[in-house]
1. Over segment 124-232, what is the relative contact order in percent, taking alpha-carbon pairs closer than 8 angstrom and at least six residues apart?
2. Helix 193-205 sits at what angle to the longest principal axis of the chain, using alpha carbons and giving 0 to 90 degrees rounded to 10?
3. Expected output is a single nm value to one decimal: the length gained when fully extending between Asp230 and Ser190, i.e. 0.36 nm times separation in residues minus the C-alpha distance. What is it?
4. Within 10 Å of each residue's Cβ, count the other Cβ atoms and sort Thr158, Thr167, Thr93, Thr33 from fewest upward.
5. Taking only Cα atoms, what is the 0 to 90° angle, nearest 10, from helix 63-74's long axis to the longest principal axis of the chain?
6. Note down the Stokes-Einstein diffusion coefficient of segment 18-257 in µm²/s, whole number, using a Kirkwood radius over alpha carbon pairs, 25 °C, and 0.890 mPa s.
7. What fraction of the Cα pairs in segment 210-258, stated in percent, has a spacing above 19 angstrom?
8. Using the Cα atoms of segment 82-127 to build a convex hull, what is its mean projected area in square nanometres?
Amino acid sequence: MKLKIPKFIPFLFSVNIEEQIVCKNIIYKDGETDLEGYICFDQAIKNKRPGIIVIHEWNGIGEHVKMRCQKLAQLGYIAFAADIYGKGVRPNTFEEASKQASSFRSDRQLMRKRANLAFEEIKKNEFCDNKNIAAMGYCFGGGAALELARSGADVKGTISFHGNLDTPNPDDAKNIKGKILICHGADDRSVTFDSITKFIDEMKGYKINYEIDIYGGAVHAFTNPNSGSDPSRGVAYNKQADDRSWQKMKDFFIEIFR
């Protein structure tokens, strides 16, 4: 009996393929504004495969998001770090990051536009399966990924890691086409349980397929090793929550792309 082999199977075990991973910056445009994204993929895989849009924290594309793209490429996906802020806009201080994030959070249409430009950009990669694209983001980027879904973009799924859940127009949830996964720290003071309650009402109102995972003891930015180790500051790395949420992400992708 002949066995039918699928064209794409994500790696479910550890493989030393780092030398096969290609990562590079990509310049794309929003009108006259240059955006500088970052793409990673395994050049040894010749078939088309799902694409993952990864949206940065409030300090712009940095080492944490690039590392996540590299790890996604090792799993067999094409990973593209979207540049919401614009080329060269990489805040270095708390005040600068807060100002940049606030400017886009107060202009959700611009945020959605920049996220959708990343969605169109990843589809230009010759190995991207354009019918199987997901979005994920961290902190500011988690909120931006959700806004991409609310805009009606044809993404199979969206993941927010300790991201903002609020939106000015909850009725835009009617535009969501894929599944939603929220990974949230139980002790996150930046995204309160009141925000979670409102988000649940938003999802229930339009019968969206969603799931919320809550990690005890985790505060804001729990996936980023650069967040430090002192939860009393309100931001801190939590390895257990990071590992559990990453595994949840892998299972989620297998589910939506099967």
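Nothing in this text is a laboratory measurement; each read-out follows from the coordinates by a stated rule. This is a predicted model, so every value here is computed, not measured. Quick reminder, even Gly has a Cβ in these numbers, built from the backbone with ideal geometry, and neighbours come from all protein chains shown.
1. Details: 192 pairs, mean separation 25.9, N = 109.
Worked out over segment 124-232, it gives 24 percent.
2. 60
3. Fully extending the segment from Asp230 to Ser190 adds 12.9 nm.
4. Details: Thr158 29, Thr167 18, Thr93 9, Thr33 14.
The fewest-first ordering by Cβ neighbours comes to Thr93, Thr33, Thr167, Thr158.
5. 30
6. Numbers: Rh = 17.6 Å.
Diffusion coefficient, whole number: 139 µm²/s.
7. Values: 370 of 1176 pairs.
Within segment 210-258, distances greater than 19 Å cover 31 percent of Cα pairs.
8. Working: hull surface 14.7 nm².
The directionally averaged projection comes out at 3.7 nm².
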